[in-house]
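The values are calculated or read from the model by the stated rules, or taken from the named source; none is laboratory data. Remember, predicted model here, so these are calculated numbers, not experimental data. When we count neighbours, we look across all protein chains shown, and the Cβ atoms used for this are built from the backbone with ideal geometry, even at glycine.
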Amino acid sequence: MDGISALGAGTGTAIHTLSDYRHHLKRNMIQALDTIQANQITTLLFVVSKLDTIQKTLGTDYVLPLWAIDPTASNPIRVSIYRRSVESMPDVRGPGDIVYFEGAKTGLKDGKCCVYNNFSTRWQVLHGGQNGGHEVLEYMRAWWKGWQASNVQQTTIVPQITN
């Protein structure tokens, strides 16, 4: 299975607690953000809390910096997506998008854990409101609404190219 379909059809039982959420992630071999460490290859499911502009790197690639959060994390973590072209970037539109990120690498930047892709990383993006009826995604959407309301300083930045 690919992407979010790897979550399966779900159990049909609503998730009410963080413990239930963690159990569902573990059952589907997805790592909670509060458990990642540097120098891992992992699968993550997160909500985009902030989106920056696509930038040209010093080399030949482009980078899309964004910040990810899930119900387990106390603060967003940095995610950098590198691609050879702007057109091959994932279609992340802004805060509230849920991203399934498989084969992600973790590292350290400025002493903090960060996540980035490699050539074998796969992703799928669900834009605001899409959840496919899966209880994990429904839980994340409900949690995000509460988190966003208490963190109103988060802003949407429309991705564009900067040189």
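Condition check: surrounded by 13 or more Cβ atoms within 10 Å (Cβ to Cβ), within 27 Å of Gly146 (Cβ to Cβ) and more than 12 Å from the chain's Cα centre (by Cα). Does Gly96 satisfy that? Write out each step before concluding.
Details: surrounded by 13 or more Cβ atoms within 10 Å (Cβ to Cβ): yes; within 27 Å of Gly146 (Cβ to Cβ): yes; more than 12 Å from the chain's Cα centre (by Cα): no.
So Gly96 fails the test.
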query: Which ones in segment 24-41 are part of a strand (DSSP E or B) and surrounded by 18 or more Cβ atoms within 10 Å (Cβ to Cβ)?
result: Gln31
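Say we look at segment 52-69 and pick out the residues that are surrounded by 20 or more Cβ atoms within 10 Å (Cβ to Cβ) and out of contact with any Asp or Glu (no Cβ under 8 Å at 6 or more places or on another chain); which of these is nearest to Ala104 (Cα to Cα)? Give the steps one after another, and end with the answer.
Here is the first cut: in segment 52-69, the residues surrounded by 20 or more Cβ atoms within 10 Å (Cβ to Cβ) are 62, 64, 66, 68-69.
Those left that are additionally out of contact with any Asp or Glu (no Cβ under 8 Å at 6 or more places or on another chain): 62, 68-69.
Values: Tyr62: 17, Ala68: 13, Ile69: 15 Å.
So, considering only residues that are surrounded by 20 or more Cβ atoms within 10 Å (Cβ to Cβ) and out of contact with any Asp or Glu (no Cβ under 8 Å at 6 or more places or on another chain), the one nearest to Ala104 (Cα to Cα) is Ala68.
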message: I'd like to know if segment 74-95 contains one or more residues that are under 26 Å from Ala14 (Cα atoms), modelled with pLDDT of 90 or more, part of a loop (DSSP other than H, G, I, E, B) and touching a Lys or Arg at 6+ places or on another chain (Cβ under 8 Å).
response: yes
- request: Kindly list, by first and then second residue, each pair from a residue in segment 104-127 that is crowded, with 16+ Cβ neighbours inside 10 Å to a residue that is outside any strand (DSSP E or B) and of a type outside the set (A, V, I, L, M, F, W, C), limited to pairs with Cβ atoms under 6 Å and residues at least 6 apart or on different chains.
  value: Ala104/Thr121; Lys105/Asn118; Thr106/Gln40; Trp123/Pro90; Gln124/Gly3; Val125/Pro90; Val125/Asp91; Val125/Asp97
